[in-house]
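One structure below.
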Amino acid sequence: MDTERCRALLCALEEGSLTAVSEKLGYTTSGISRMMAALEEETGFPLLIRSRSGVFPTEECQQLLPVMQEIVQLSDRYDQTASEMKGLNCGSIRIGTSYYAYYDWFAGLIADFGKEYPGITVEIVEGTSTELLRDMDEHRADLCIISKRAGNYNWAPLKKDQLLACLPKDHPMARREKFPVKAFAEEDFIELYPGKETDNSQMLERCRVKPKVRYATSDNYAAYAMVAAGLGIACTNAIIAESFKEGVRYLPLTPAQSVEIGMATPKTKAMSPAAKKFAEFALTRFSG
């Protein structure tokens, strides 16, 4: 099976169109179309559903995706290992973070890393901790900074982070020193990342509290703006709360709730040489 065809298909599904893939991988659109046709002919059945809104995987393709992802990852590891054996440093790394408070840290880290390894490119992606850990398991991310989750991976703790209640400044409970977790079931609640497993959803489930959801959003700033406008209350990480303070008040929870933030990496044998280099480099910079 041609690795580049697998890479192009995975890229097509990620980008949503063959045109976007041609621009990203440096092929013509017709060249990408021929690659997809050849891959489908080799496989023996259709892999892509083509429509005006983009391309989507067929059911058969969905079953093959984990294998294709592994083929591409193994090919990259082969190329990087061979280059490393010849004294070269090349490759690409995809790192994820659930906390944009670490973007500046990552930017500085990538800049310093690039001075030592100019041939290695680095891409930052964002998502919830659960999503990024799944991406790492499925070889769509090489390492990530997340809050700790169950799983078979290496873990380097960075810091403990509190969960806080976010209230409008004029809310009757805003003058309290702490906010009872059970009160999330009584006040209009603004849910972050609805339907996804997050630090908040895990905490509320652990405390057996069903929040009184009135609004929902997947944007932190939108949630804080709604809180500041008096539409309800929210729950957030202290590290994220630092970015938005106007019009809101943060209270520690009672009983106190916290999460451990750190760097997750695959078991060593599953990492490419470039990812190993970056992980080692990052660990030397880790500090609370």
Given (1) surrounded by fewer than 18 Cβ atoms within 10 Å (Cβ to Cβ); (2) part of a strand (DSSP E or B), number of the condition Leu163 does not satisfy: (1)
Any residue in the range 251-271 that is under 30 Å from Ser83 (Cα atoms), assigned to a helix (DSSP H, G or I) and not aliphatic (A, V, I, L, M)? yes
Among the residues of the range 254-276, are any among the hydrophobic types (A, V, I, L, M, F, W, C), touching a residue at least 60 places away in the same chain (Cβ under 8 Å), farther than 22 Å from Ile145 by Cβ and touching a strand residue (DSSP E or B) at 6+ places or on another chain (Cβ under 6 Å)? no
Every residue in the range 15-54 that is over 15 Å from Arg5 (Cα atoms) and in a strand (DSSP E or B), please. Ile49, Arg50, Ser51, Gly54
Please tell me if Glu138 is crowded, with 17+ Cβ neighbours inside 10 Å and either more than 19 Å from Tyr99 (Cα to Cα) or modelled with pLDDT of 95 or more (or both). no
Criterion first (buried (at least 22 other Cβ atoms within 10 Å of the Cβ) and either at pLDDT below 95 or of a type outside the set (A, V, I, L, M) (or both)) does Glu260 satisfy it? no
Of all residues in the range 1-54, which are of a type in the set (Val, Ile, Thr) and touching an Asp or Glu at 6+ places or on another chain (Cβ under 7 Å)? Val21
I'd like the full set of residues that are touching a helix residue (DSSP H, G or I) at 6+ places or on another chain (Cβ under 7 Å) and either part of a helix (DSSP H, G or I) or surrounded by 19 or more Cβ atoms within 10 Å (Cβ to Cβ) (or both), limited to the range 184-198. Phe184, Ile190, Leu192
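The values are calculated or read from the model by the stated rules, or taken from the named source; none is laboratory data. Remember, it's a predicted structure, so these values are computed and weren't measured experimentally. Counting neighbours? That spans all protein chains shown, and the Cβs are built from the backbone with ideal geometry, glycine included.
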